[in-house]
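Here's the structure we're looking at; comments come further down.
The values are calculated or read from the model by the stated rules, or taken from the named source; none is laboratory data. Values in this document were obtained by computation on a predicted structure and should not be read as measured data. Here the Cβ is made from the backbone with ideal geometry for all residues, glycine too, and neighbour counts use every protein chain on show. Just so you know, the surface numbers come from the protein's heavy atoms only, side chains and all, with ligands and any DNA or RNA stripped out. Shrake-Rupley method; radii C 1.70, N 1.55, O 1.52, S 1.80 Å.
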Amino acid sequence: MKYQKLFEEGHIGTLTLKNRGVMMPMATDMADKDGLVTPRQIRYYQERAKGGIGMIINEYTGVDDVDSIPSIHNLRIARDYHISELEQLTDAVHLYDCKIICQIHHGGATSNPAFTGRDNLAPSAVPIADGRPVPREMTIEDIRRVQQKFVDAAVRAKKAGYDGVELHGAHGYLIAQFFSKYYNRRNDEYGGPVENRCRFLAEIIAGIRAKLGRFPILVRMCGDEMTPVEGFLSLEEGIEIAKYLESCGIDAINISNGSARNGDANCEPFSYQPGWKKHVAKAYKEALHIPVIATNTIKDPDFAEQLLEEGVCDFVGLGRSQLADPDFMNKAKEGRSDEIRRCIGCLYCRERVLGNGLPIRCAINARAAREIEFDHLLQDGQGRRAVVVGGGPAGMEAARVLALRGFQVTLFEKEDTLGGSLNIADKPNLKDKITRLTETMQTQLEKLGVEFRLGEAATPENVRALEPEGVIIACGARPVIPPLPGIDGEQVCTAESVLTGETVPTGRTVVVGSGLTGLETAELLLSQGLDVSIVEMAPQLGPGIFPAIRNDELSRILPRGAGIYTGCRLTSICPGCVSVERITDGTSLSIEADSVVLALGVRPDNATAKSFTEAFPKTRIIGDARQAGRIATAIRDGYEAAYTF
């Protein structure tokens, strides 16, 4: 086997794990309004167990439904009536020889008073972030009451069939607030020296041991909060806490990073490279005697194996990798790692849960968190011909699913390579993960026997010759070019042509539009030394982009001195300049420009789509050909169209 370390048996306390892969806890927002686990949630976790992971640590599970409700659909274990449904979850996971740990949690100052109708509890009256509610400092009675809730939750977890519990002491939640010199400003036995700041958790650990004996106890903590504010944990302070917790008898430690003020160190955007924080985990492994589980932006099994070989950790924490491909471990074990869909770091999952309060999903795995809905692919193709027009993400996904159903699939792509819009999306800096996605999707199609007609534009005539059962149209879209004076000037081009290298702007360059494509194009041009200005109609750059991604982009754009013209509408283009109008007061401005790059989005290719809908009764239009969207939209469209074809 290629991955000897990854598939080596491991031990945590009394537990034996079949391999060194551990699925990390990630909020799904799929519980019901009472915190009960739902069939959809159970199926989601079971899919990962079936995919070969050695152990699952399920999402943060509330011990307190009075003072801690961080979200409406927060999974909970606060009442005895939660036990029976959670037993269905543990049974479903255990079917596949997979261990499951219940991560028990209290939000403290991160809770939402709008849901509880009460002031948040915290070690001290310090808001979790600027502008957030000021919590109530916990009394000794409050501390005892909440500690008992953790102990009671652990007892329920064992009754429900869990293999252990993980006490959530990371990411600014209540236990982490007690650890913190910033949030914990108490002068009693729960504040001050490290042993006092750990006392809240140490007493919970002792309470669980008294009730459950050697029932495995893990702790998750941020190894380094990476937050440049006095009082937040440094690596050295974190190790001091971890050593104390080890002395309290915990069975393993799960190292994350970041804080309530730095979520990117925990769930990072695409620009962060695998292993950028491995020094943190390695420092803990060298300092402790208990097993260390750690996340490290792991996208593929080769890197997971490398981390284990280097002694960075004892178990590799797989988070978004399990969203992107639940069969990650099985594919690695079977020598099919080239078929693993690797997370592209787009944060679509985080955007849905944290940004929109919606259940988790994955941009490149349309089944993620919808396994119960897409439970069974009908094997009814029976060798009948199906045609897909367009080899972008929507078309490739549709072709894959049709082939899995047993159709004989022919895919037309007018360009010489597959990828479509992905071949533009992967051109900006730090977007190599998109290239890898294209390669993986092509590999999957090749292994399924999909026929490619590359460099051949599909027409109703050449498609009709194949006598298909039906046609799926994924012909993409065209850049938006508004009918403005001077728009056809020689100095004007599209962002797409710049990214592909077809056009090379020179001199003072104005990028019109600051969606993700516009920002990435501006970043590329700035990195080439050009003088760049950005024009955007919205009041701020990056409208509609998830803040973590937008801020990451701007961190590479703003320091380079780009000119920013927000709240401005392009009105005309002349030799040497562009004219814009300030939306608030109609004032006209002139910006010097030797080159003008349009990044105003795309419109569906309606003409191509119409020609096929008129020629074939069974036609589906998907992806940008239906409505301009994102990678997530395209892959979802492709999956759904082929699933219902």
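Does GLU553 fit the bill of being of a type outside the set (Ser, Thr, Tyr), touching a helix residue (DSSP H, G or I) at 6+ places or on another chain (Cβ under 8 Å) and not in a strand (DSSP E or B)?
In short, yes.
Where in the range 5-121 are there strands (runs of 3 or more DSSP E), lying fully within it, with 1 or more residues that are small (Gly, Ala, Ser), touching a residue at least 40 places away in the same chain (Cβ under 8 Å) and surrounded by fewer than 24 Cβ atoms within 10 Å (Cβ to Cβ)?
10-12
Do any helices (runs of 4 or more DSSP H) entirely within the range 156-221 hold 2 or more residues that are buried (at least 24 other Cβ atoms within 10 Å of the Cβ), and if so, which?
174-179, 199-212
Could you list, in sequence order, all residues of the range 252-269 that are assigned to a loop (DSSP other than H, G, I, E, B) and surrounded by fewer than 19 Cβ atoms within 10 Å (Cβ to Cβ)?
Answer for the range 252-269, where residues must be assigned to a loop (DSSP other than H, G, I, E, B) and surrounded by fewer than 19 Cβ atoms within 10 Å (Cβ to Cβ): just ARG261.
Can you name the condition, by its number, that GLY586 falls short on among (1) assigned to a helix (DSSP H, G or I); (2) small (Gly, Ala, Ser); (3) open to solvent by less than 40 Å² (accessible area, probe 1.4 Å)?
Here GLY586 meets the rest and fails (1).
Considering only residues that are in contact (Cβ under 8 Å) with a residue 60 or more places away in the chain and out of contact with any Leu (no Cβ under 6 Å at 6 or more places or on another chain), look in the range 270-282 and name the one that is surrounded by the fewest Cβ atoms within 10 Å (Cβ to Cβ).
TYR272
Does GLY419 fit the bill of being part of a loop (DSSP other than H, G, I, E, B) and open to solvent by less than 20 Å² (accessible area, probe 1.4 Å)?
Yes; evaluated as a whole, the condition is true for this residue.
Any residue at all in the range 432-445 that is acidic (Asp, Glu) and open to solvent by less than 50 Å² (accessible area, probe 1.4 Å)?
There is no residue in the range 432-445 that is acidic (Asp, Glu) and open to solvent by less than 50 Å² (accessible area, probe 1.4 Å).
Scan the range 225-236 for residues that are over 21 Å from the mean Cα position of the chain (by Cα) and either buried (at least 22 other Cβ atoms within 10 Å of the Cβ) or free of Cβ contacts under 8 Å to residues at least 24 places away in the same chain (or both) and jot them down.
Answer for the range 225-236, where residues must be over 21 Å from the mean Cα position of the chain (by Cα) and either buried (at least 22 other Cβ atoms within 10 Å of the Cβ) or free of Cβ contacts under 8 Å to residues at least 24 places away in the same chain (or both): PRO228, PHE232, LEU233, SER234, GLU236.
Give the residues of the range 527-550 that are in contact with a helix residue (DSSP H, G or I) (Cβ under 6 Å, 6 or more places away or on another chain) and open to solvent by 20 Å² or more (accessible area, probe 1.4 Å), sorted by residue number.
If the condition is that a residue be in contact with a helix residue (DSSP H, G or I) (Cβ under 6 Å, 6 or more places away or on another chain) and open to solvent by 20 Å² or more (accessible area, probe 1.4 Å), then ILE545, PHE546 are the ones that fit.
LEU524 is checked against (1) in contact with a helix residue (DSSP H, G or I) (Cβ under 9 Å, 6 or more places away or on another chain); (2) part of a strand (DSSP E or B) and fails just one. What number does that condition carry?
(2)
Hey, ASP375 hits all of (1) within 18 Å of MET441 (Cα to Cα); (2) under 23 Å from the mean Cα position of the chain (by Cα) but one; which does it fall short on?
Looking at each condition in turn, ASP375 falls short on (1).
For PRO359, are the conditions met, namely being within 30 Å of THR38 (Cβ to Cβ), over 11 Å from the mean Cα position of the chain (by Cα) and open to solvent by less than 40 Å² (accessible area, probe 1.4 Å)?
Yes; evaluated as a whole, the condition is true for this residue.
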